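Data block below; observations after.
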Amino acid sequence: MTIDWQKEAANRKDDYLADLTTMLRVPSFRDDSQATPDAPLGPGPKQALTTFLALAERDGFKTKNIDNLVGYAEYGEGDETLAVLAHVDEMPAGNGWDTDPFEPTIKDGKLYARGASDDKGPGMAAYYGLKIVKELGLKLNKKVRFIVGTDEESNWTGMKRYFEVEPAPTLGFSPDAEFPLINGEKGNVSLQVHFGTSDTGADQLLSFDSGLRENMVPREAVAVVTTANATQMTSAFNAFLDQQPVTGEVKSVADGLQFEVIGKAAHGMEPRNGINAGTYLATFLSQYAFAGDAGNFLTFIATKLHDDSRVNQLGLTFADDVMGDLTMNVGLLHFDHDQGGDLTLNFRYPKGIEPADLTSKVKAQVPANTTVTQGSFMVPHYVDPDDPIVKDLMAVYRRQTGDQNSQPEIVGGGTYGRMMKRGVAFGALFPHTEDTMHQANEFQPVADLMAAMAIYAESIAVLATDK
């Protein structure tokens, strides 16, 4: 049977957009402050999961909710399992939006909303791909599970739970990256640098806050200082803004001067795509008479971290011929006059270097009386380009797009694909489309999402019938 996959996708466009709108209207970022036994990651992730599972039940899929952390829709039978792994959580919206981030808006063919690109838009396109396969009644020789996690943007608690209590899939893909295909992902580890509370300078740093998540380039930074040189500092800050790729303002507040810097958010896997407001603000303040731990906090950021995603100043420059550069994102920056300071540095590391190496070298560079702790980590993941899953998915992509030149890629981002030995990331960002993941005004062209749906439908059919 010859199937026009793009026509099948087009026939479901209205239904897809309606279901996607339902999903996008759910603010589903993890919020531990509102966690309950019934909603262990907060109300948003739970609501997004149950909303998706209700759609899948409506469509006749077998579904399962595991502890309100992860769930799946299942179709077909077989000794082997093809998994499609997506996530229904998202980053906090943040500021800087031109539209309501939770009221999906289509402008000039682009769908704007938090999650439009990462990962509700692509995830629902892949779900509709499975739905096409089911509605066509195609005979499969593998069971297909569409699995949705609820905290991919943080600790992967949900998907880890799935792999603890359910059989591991045979192979699969995650629609949470870009086309043509991601067959390798760098390792991922975060280090926390802790500063004390001493603040003995003529100028005092009362507070400093920047960043929403460790894997997101901070768009905004705010600091409050006391100084006897308010007029000079205000004038210098305005001159600084004129010379740098950031905007901001300074104003008098009850405690002193409040400085605000606005940069550009971006996904932490490639900090060069953003403008880190926090490191720019620290660089400006570091030239003043802050001392003790407050001074060390600002100086360390300015001299060792600012505008240095390849970590030259920390002596950590490293690259692998296959997986590329080691990168660092300064994701969270915080200082409190009474509680001290903390920095969270998120590293994406290739083969050939270990988290312990990163930790020891950072420890050697931090100021005295400063501590460094290492968080949990994910090792680099790689699937050979000759593996049939890579060849089959690339063949579908090339067949549907006509793009015969693109090759599998290795990236700094981390997707659920790495949880399977034969797991890859596959779409849905096309090479011609701007990447707005983790940014204000996140969008995905509707035409791209429809094209992805067709690619996913054929891919599921191919992978689930391949002997």
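Tally Lys/Arg at +1 and Asp/Glu at -1 over every other residue whose Cβ is under 12 Å from the Cβ of D79; what's the total? Mind showing how you got there, number by number?
Details: positive: K142, K143; negative: E77, E80.
With Lys, Arg at +1 and Asp, Glu at -1, the neighbours total 0.
Helix 446-463 versus the longest principal axis of the chain: what is the Cα-based angle in degrees, 0 to 90, to the nearest 10?
Roughly 50 degrees, rounded to the nearest 10.
Need one number: % antiparallel among DSSP beta bridges in segment 86-230, to the nearest 5.
On the way: 9 of 11 bridges.
DSSP beta bridges in segment 86-230 are roughly 80 percent antiparallel.
How high is the relative contact order of the chain, in percent, counting Cα pairs under 8 Å that sit 6 or more residues apart?
Working: 1116 pairs, mean separation 109.4, N = 467.
Worked out over the chain, it gives 23 percent.
Where the eigenvalues come from the Cα gyration tensor of the chain, what are the semi-axes √(5λ) of the equivalent ellipsoid, largest first, in whole Å?
Each semi-axis is √(5λ); the values are 43, 23, 20 Å.
Return, ordered by residue number, the residues of segment 212-233 whose backbone nitrogen is under 12 Å from a label point located 7 Å along Cα→Cβ of N95.
Taking a point 7 Å out along Cα→Cβ of N95, the residues of segment 212-233 whose backbone N falls under 12 Å are 219-223.
Using θ = phi - 60° and the Karplus curve 6.51 cos²θ - 1.76 cosθ + 1.60, what whole-Hz ³J(HN,Hα) does each residue of segment 288-305 get, with Gly and Pro shown as x?
Once rounded to whole Hz, the list reads 9, 7, 8, 9, x, 5, 4, x, 4, 4, 5, 5, 4, 4, 5, 9, 10, 10.
Can you give the relative contact order of segment 188-377 as a percent, counting alpha carbon pairs under 8 Å and 6+ residues apart? Walk me through the numbers on the way to the answer.
Working: 468 pairs, mean separation 63.0, N = 190.
The normalised contact order for segment 188-377 reaches 33 percent.
Past the 25 Å Cα-Cα mark, which pairs from K264/K363; K64/K143; K143/K391? Could you put the intermediate results ahead of the total?
Details: K264/K363 29 Å; K64/K143 15 Å; K143/K391 20 Å.
Correct reply: K264/K363.
What's the ranking of 237-245, 126-134, 348-356 by average number of surrounding C-beta atoms within 10 Å, highest first? Don't jump to the answer; show the numbers that get you there.
Details: 237-245: 13.3, 126-134: 25.6, 348-356: 19.1.
Top of the packing list down: 126-134, 348-356, 237-245.
What percentages, rounded to whole numbers, describe P(r) for segment 188-377 computed over all alpha carbon pairs with 5 Å bin width beginning at zero?
For segment 188-377, the binned pair fractions read 1, 8, 17, 21, 20, 15, 9, 5, 2, 1, 0 percent.
Treating the angle as unsigned and between 0 and 90°, give the value, to the nearest 10°, between the Cα long axis of helix 230-243 and the longest Cα principal axis of the chain.
It is inclined by approximately 40 degrees.
State, as an integer percentage, the relative contact order of segment 302-388 based on alpha-carbon contacts under 8 Å between residues 6 or more apart. Mind showing how you got there, number by number?
Values: 90 pairs, mean separation 17.7, N = 87.
The normalised contact order for segment 302-388 reaches 20 percent.
Values in this text are rule-based calculations from the coordinates and carry no lab data. Treat the numbers as computed from the prediction; the structure is a model and nothing was measured. All Cβ positions, glycine included, derive from the backbone under ideal geometry; neighbour counts span all protein chains shown.
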